[in-house]
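Participant: Take this structure first; my questions come after.
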Amino acid sequence: MSTAAPAELSPELVQRLTGRGRRFQAAIRCPSRHDDYGAEDYTRALAEVAMRPAETLSLYVHIPFCAGRCLYCGCNTTVTHDSSRMDAYLDTLDREMAMVAERINGGDRDVLQVHLAGGTPNYLSEAQLTRLTEMLERRFHLVADTERSIECDPRRASAGQLELLHALGFRSIGFGVQDLDPEVQRAIGRIQSEELIRDVYWMAREIGFDSIGFDLIYGLPQQTEAAFARTIDTVLELAPDRVACFGYARRTTDGPHQHAIDVHELPNNAEREGLFRNAVAAFTQAGYAWIGLDTFALETDDLALAQAEGRLHRNCIGYTATPSAHLAGLGAGAIGELQGTCVQNQPNLEIWQQEVVAGRIPVNRGHRLNEQDRRRRDAISHLICNLVLPQEMAADCLDDEYRRLAAYAGDGLVEALPEGLRVTEAGRFFLRELCTEQDAYFHWDRARWHFSHSE
Ligand code: SF4
């Protein structure tokens, strides 16, 4: 599945399509339709899940605290230097876990995955990280092969902390690298030296994490082709198992701090797409498999193997080789997918705390998937993970979308095969844009962007 495409794309095509795909990945943080969904609905959904103990569960835990605000950040987080706020957060989180676990029979149901993101999960102290893990183990049925993953800020990592995380069972760790160029780092308000990244990476390697991931961002202010190429060269030299290469999406309405980024310092559309194309070429030529939209994985990595074997899945927090029937979100602003509903917890920290302390499930909004939504979600997921849209997945209710997608054959972005539409090498670079054709009103997929940009 890896594609070392030289990316000779027509400027007209880039001009015409670029920007539409950005909407696909970035516009909405959580379900766009509320459906008057509330705590009672979520409680009912948990009770229905409880009646089916064989269905698997994963947990997403949101830690909404950071030591400072990066200017590009679009995450739900709070800047604080008061560790007691995190203690109080864990107190409330434990109560929320108890409420959810009790209703879902969490103590009896194997948990496939636990993912900690934020914010900055490793801003928690070692005692707090230990406490959080113990809370999860006490409330839910974590087993020996539950995959435990955490997103970390390299500036907050230490050998002792990484050793502790490994001892607590975390085997997959992701670090926010973004760009190593000092000018870019100044422009985004996030200074972290190349030496720091190298040190943290080798500490994690020596401690024995199974999967080490880096997040990069293209489209940042002051980012040039040459400078980003140097970042990529350093990353390739270190050879992390996974690299996510996200596009910076400016959303000043949600994050007014982004106004501090000078728009005149941002690369234009063509430059931005060029940065991504160069990243694709560099990673695929170095032997990484290109996963879905924006991720690269060593061919020995689980995600690459899953994609090659057609068993890659995607939920609202990212790609996975071990999908579960339900994903419960825990913590302020956490999203989940439970019982055919996409839900988000109350993102406001104080309100989330008040709700939990009052004994109410702190759900803020949700969208129940109808049959059409499910078909659309499955079609998008299948297209992203397998680069194919089988005709039968579109039959009956997605016929118009299928036709619109098929029209891209004229641009050479898809090819019509007897079994369905396949995305071509050139079309791969416009996969987001192609997905918008399946994305008429239900924006499930956009929820993940918000969380995948933590750290
Ligand atoms: S990018 Fe990460 S570290 Fe920076 S403010 Fe956002 S969540 Fe915090």
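The values are calculated or read from the model by the stated rules, or taken from the named source; none is laboratory data. A quick note: this is a predicted structure, and the numbers were derived from the prediction, not measured. Here the Cβ is made from the backbone with ideal geometry for all residues, glycine too, and neighbour counts use every protein chain on show. The protein model used for the area step is the full one, side chains on, heavy atoms only, and it has no ligands, DNA or RNA in it. Shrake-Rupley method; radii C 1.70, N 1.55, O 1.52, S 1.80 Å.
Participant: Taking GLU237 as the residue in question, decide whether it is out of contact with any Phe, Trp or Tyr (no Cβ under 8 Å at 6 or more places or on another chain), open to solvent by 10 Å² or more (accessible area, probe 1.4 Å) and within 15 Å of TYR288 (Cβ to Cβ).
Facilitator: It is true that GLU237 is out of contact with any Phe, Trp or Tyr (no Cβ under 8 Å at 6 or more places or on another chain), open to solvent by 10 Å² or more (accessible area, probe 1.4 Å) and within 15 Å of TYR288 (Cβ to Cβ).
Participant: I need the full set of residues from the stretch 69-104 which are open to solvent by 70 Å² or more (accessible area, probe 1.4 Å) and touching a helix residue (DSSP H, G or I) at 6+ places or on another chain (Cβ under 8 Å), in order please.
Facilitator: Selection gives ARG69, ARG95, ARG103.
Participant: Report yes if VAL388 is farther than 18 Å from GLN113 by Cβ, at pLDDT 95 or above and open to solvent by 10 Å² or more (accessible area, probe 1.4 Å), otherwise no.
Facilitator: Against the criterion (farther than 18 Å from GLN113 by Cβ, at pLDDT 95 or above and open to solvent by 10 Å² or more (accessible area, probe 1.4 Å)), VAL388 does not qualify.
Participant: Right, another one. How many residues are touching a residue at least 60 places away in the same chain (Cβ under 8 Å) and open to solvent by 10 Å² or more (accessible area, probe 1.4 Å) when one looks only at the stretch 139-148?
Facilitator: Residues in the stretch 139-148 being touching a residue at least 60 places away in the same chain (Cβ under 8 Å) and open to solvent by 10 Å² or more (accessible area, probe 1.4 Å): 1 in total.
Participant: Additional query: Counting only residues that are surrounded by fewer than 24 Cβ atoms within 10 Å (Cβ to Cβ) and within 16 Å of the ligand (Cβ to nearest atom), how many does the stretch 124-138 have?
Facilitator: Total meeting the criteria: 0.
Participant: Scan the stretch 275-283 and tell me whether some residue there is more than 26 Å from VAL14 (Cβ to Cβ) and at pLDDT 95 or above.
Facilitator: Scanning the stretch 275-283 turns up no residue that is more than 26 Å from VAL14 (Cβ to Cβ) and at pLDDT 95 or above.
Participant: Return the residues of the stretch 231-255 that are free of Cβ contacts under 8 Å to residues at least 24 places away in the same chain and either among the β-branched types (Val, Ile, Thr) or not assigned by TED's automatic domain parsing to the domain that holds LEU165 (or both); say none if nothing qualifies.
Facilitator: The answer is THR252, THR253.
Participant: Could you list all residues from the stretch 212-230 that are in a helix (DSSP H, G or I), surrounded by 22 or more Cβ atoms within 10 Å (Cβ to Cβ) and either small (Gly, Ala, Ser) or without any contact (Cβ under 8 Å) to a residue 24 or more places away in the chain (or both)?
Facilitator: Passing the criteria: none in range.
Participant: Mind checking whether some residue in the stretch 160-170 is open to solvent by less than 10 Å² (accessible area, probe 1.4 Å), touching a residue at least 60 places away in the same chain (Cβ under 8 Å) and part of a helix (DSSP H, G or I)?
Facilitator: Looking through the stretch 160-170, none of the residues is open to solvent by less than 10 Å² (accessible area, probe 1.4 Å), touching a residue at least 60 places away in the same chain (Cβ under 8 Å) and part of a helix (DSSP H, G or I).
Participant: Identify, please: which residue in the stretch 285-300 is in contact with a strand residue (DSSP E or B) (Cβ under 8 Å, 6 or more places away or on another chain) and open to solvent by 10 Å² or more (accessible area, probe 1.4 Å) and is, among those, modelled with the lowest pLDDT?
Facilitator: GLU299
Participant: With respect to ALA440, determine if the residue is within 27 Å of the chain's Cα centre (by Cα), modelled with pLDDT under 90 and within 20 Å of GLY318 (Cβ to Cβ).
Facilitator: Considered against the rule, which asks whether it is within 27 Å of the chain's Cα centre (by Cα), modelled with pLDDT under 90 and within 20 Å of GLY318 (Cβ to Cβ), ALA440 comes out as no.
Participant: What tally of residues in the stretch 48-84 results from selecting those that are closer than 20 Å to ASN315 by Cα, away from the ligand (no atom under 16 Å from the Cβ) and either among the acidic types (Asp, Glu) or in contact (Cβ under 8 Å) with a residue 40 or more places away in the chain (or both)?
Facilitator: Adding up the residues that qualify gives 6.
Participant: Moving to a separate point now. Out of all the residues in the stretch 247-264, which are exposed (fewer than 14 other Cβ atoms within 10 Å of the Cβ) and either part of a helix (DSSP H, G or I) or touching a helix residue (DSSP H, G or I) at 6+ places or on another chain (Cβ under 6 Å) (or both)?
Facilitator: THR252, PRO256, HIS259, VAL263, HIS264
Participant: Which residue pairs have Cβ atoms closer than 8 Å, lie 6 or more positions apart in sequence or on different chains, and pair a first residue in the stretch 119-132 that is without any contact (Cβ under 8 Å) to a residue 40 or more places away in the chain and of a type in the set (D, E, K, R) with a second residue that is in a helix (DSSP H, G or I) and within 16 Å of the ligand (Cβ to nearest atom)?
Facilitator: GLU126/GLN161
Participant: Let me ask something else about it. Using the structure shown, decide if PRO121 is open to solvent by less than 40 Å² (accessible area, probe 1.4 Å) and modelled with pLDDT under 95.
Facilitator: no
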